[in-house]
1. For Ala413, work out the one condition from (1) at pLDDT below 90; (2) in contact with a strand residue (DSSP E or B) (Cβ under 9 Å, 6 or more places away or on another chain) it doesn't fulfil.
2. Which residue pairs have Cβ atoms under 9 Å apart, sit 6 or more places apart or on different chains, and have a first residue in region 522-547 that is on the phi > 0 side of the Ramachandran plot and a second that is assigned to a strand (DSSP E or B) and open to solvent by 10 Å² or more (accessible area, probe 1.4 Å)?
3. Quick check on region 150-163: of everything there that is among the hydrophobic types (A, V, I, L, M, F, W, C) and over 25 Å from Phe181 (Cα atoms), which residue is most open to solvent (accessible area, probe 1.4 Å)?
4. Kindly provide the set of residues from region 205-218 that are under 22 Å from Ile257 (Cα atoms) and open to solvent by 20 Å² or more (accessible area, probe 1.4 Å), ordered by number.
5. Conditions first: (1) within 21 Å of the chain's Cα centre (by Cα); (2) more than 20 Å from Asn368 (Cβ to Cβ); (3) open to solvent by 70 Å² or more (accessible area, probe 1.4 Å). Asn253 passes all but one, so which condition is the exception?
6. What tally of residues in region 219-250 results from selecting those that are crowded, with 21+ Cβ neighbours inside 10 Å and touching a Pro at 6+ places or on another chain (Cβ under 7 Å)?
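The values are calculated or read from the model by the stated rules, or taken from the named source; none is laboratory data. As the structure is a computational prediction, the values presented were derived from the model and not from experiment. Please note: Cβ atoms are built from the backbone with ideal geometry, for glycine as well, and neighbour counts cover all protein chains shown. We work out accessible area using only protein heavy atoms, side chains counted, and drop any ligands, DNA or RNA first. Shrake-Rupley method; radii C 1.70, N 1.55, O 1.52, S 1.80 Å.
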Amino acid sequence: MSANNSYNASSITVLEGLDPVRKRPGMYIGGTGSAGLHHLVWEIFDNSVDEAMNGHADQIEVTLHKDGATITVSDNGRGIPVDNHPTHKKPALEIILCTLHAGGKFDNSSAGNYKTSGGLHGVGASVVNALSKRLVATIKRDGAEWEMEFRQGKATGKLKKLGAARGSGTTIFFHPDPQIFPRTEFNPDTIRERLEVASYIHKGLKVIWNDEVNGKKETFHHEEGILAFLKKILVEKDARPVHEQPFVLDKENGLRIEMCFSWTESTEELLKSYVNGIPTANGGTHENGLRGGVLKAIRNYIETHNLTPRGVTLAAEDIREGVIGVLSIFIEEPQFQGQTKDRLNNPEVHSMLDSAVRPALEQWLNNNRTVAETIVNRIIIAARAREASRAASASISRKTATSGRLNLPGKLADCSSNNRNESEIFIVEGDSAGGSAKQGRDRNRQAILPLRGKVLNTEGTSLAKVMENREIADLVTALGCGAGADCDPTKMRYHRLVLLADADSDGHHITTLLLTFIFRHMRQLIDAGRVFLALPPLYRVDIGKETFWAADDADRDRILKQHVKGNAKSEITRFKGLGEMMPKVLWETTLNPKTRRLLRVEISDALATDRIINELMGKDASARFRFIMERAEEADELDV
Ligand code: 0RA
């Protein structure tokens, strides 16, 4: 395109036809699998976004039609020009849709117009056209409506004038070619997600998602842009910020930078980043630059205000702990890297981000001294917790080296074997249960850690806070494998970690609290398959001279049905708690590896688990209770 701002057909540089696209689709859309298929939607959608970004459109509607394999993208922009190209004697629309690179991607003079666009007007549209069984473009401009149809990238007829029309805009309907794509079905959730994100990244843009497959229509529209996005993420993650207003930076110097983030009580660090609206799940130079700038700003603030803590060194991970934010930048020639092209590789971007964030964040901290103090405190607590958890690990390593038991919790009844591969630790609620377990166990291979105090609900709590809880700290010390990012299953002092609680709702509650802690802060143990639930019986069933143990009501009824013959007498005893059980009985039913049943704790879907735990351990006690009882009914495998 030409350097000036008036567009007409003559300003389009023609490069080549579409044959290469059909010959090697992978070169243009990455592949012909699901990602490649969805790429077609992004190409068309991004063109409309560009039109909006240049100030000519404010609404885009994307329709996934009932067949699940055809899409319509419609915007209220200027409409792709339909006038004839003077030398080619063809409508500009046809040239844009039938010519590779038409639209001036490699024409630097166009930079002034399409500076920060991801899609670059029309460039991707021809690729989509080439790979579509059928594509129909409907254009409204200059008081009329026009239509042109294509098959496999070739016009099937002439540009048709449909009649007079008001307004302007571009509508593209397309049907991916089954000769190219083995599967042409779109995933509605994938598209919905991308559209919603776009509505945050491009503030003010109205994106309408019309999902005819599921029969629902939604509008995404956020005047606050990525700030609204951040708020949504914080709510979803139930991550409580330690300061009210997020840090916000909006800057345009050579490149467009937008970011916002908050320090939260969460222990994870989460930065969602985008380049030209394209998600960069694997980070890259923009994320690294941002991180570097934040570290320097915080370090400098701490130093100039004499806030350096005594007895602890602040590591980068302490400063970043709990930071949740969104980063969106726009650059002219993004270089994406990696298998999935989701990592930004432009080296110059690193220092641009670093030098943009650093002074802005420092100034913000200096202007908001109370907020700054809260953040610095949060960072120092993170550092102390990290060092405490390291110290716990280190003291255990020392212990194993000297084979003393200097730092182990006093109430731990350790096993005598030093062979980690054959040992297990049972976490038991309450002293009396702990007593029965200590007497009933195999002393050589089984350790017992009774929990006396309350186990706190650790959901949404930083590791620092969690480690202040005696019972949890004892558990971490006894296991010796560290917690948080440091947790290392190979260092665990036992082969299995077994949670043993009463078979009633209280017991399930405690189990859930412990699992929540383990899931959040010692997840590595679950992933390594080292966490188990013991199944103590709820009933003792005496039939004649025989004794049976039933795990639950159904089990009890089954036993009665199977073993009570004629008018034989039966007696049922319900255990009120593990403490009531004779040590020998506890051994036979629950501890003895030959006769007991253990459930391995597994995570079938980490994301869903995250959400469920978050929802249920967050606030609502009744929901939590229902969850526990429902889960308690489940038979063989317990998914957290
Ligand atoms: C080239 C020139 C002009 C607009 C467009 C392309 C354009 C492309 C797409 C793709 C999707 N929606 C679009 N909207 C516009 C400028 C036309 C003028 O000067 O009026």
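1. Exception for Ala413: condition (1).
2. Note: pairs meeting the criteria are Gly529/Arg600; Gly529/Glu602; Gly544/Ser570.
3. Taking the candidates together, the pick is Leu162.
4. Lys206
5. Failed condition: (1).
6. 1
Per-residue answers, yes or no, for (1) more than 19 Å from Phe181 (Cβ to Cβ); (2) modelled with pLDDT under 95; (3) more than 16 Å from the ligand (Cβ to nearest atom):
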site: Ser11; (1), (2), (3): yes, yes, no
site: Leu18; (1), (2), (3): no, yes, yes
site: Ile29; (1), (2), (3): no, yes, yes
site: Val41; (1), (2), (3): no, no, no
site: Met53; (1), (2), (3): yes, yes, no
site: Gln59; (1), (2), (3): yes, no, no
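Yes/no matrix, rows are residues, columns are (1) within 16 Å of the ligand (Cβ to nearest atom); (2) in contact with a Lys or Arg (Cβ under 9 Å, 6 or more places away or on another chain); (3) without any contact (Cβ under 8 Å) to a residue 40 or more places away in the chain; (4) open to solvent by 40 Å² or more (accessible area, probe 1.4 Å):
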residue: Met148; (1), (2), (3), (4): yes, yes, no, no
residue: Ala165; (1), (2), (3), (4): yes, yes, yes, no
residue: Ser168; (1), (2), (3), (4): yes, yes, no, yes
residue: Pro178; (1), (2), (3), (4): no, yes, no, yes
residue: Phe186; (1), (2), (3), (4): no, no, no, no
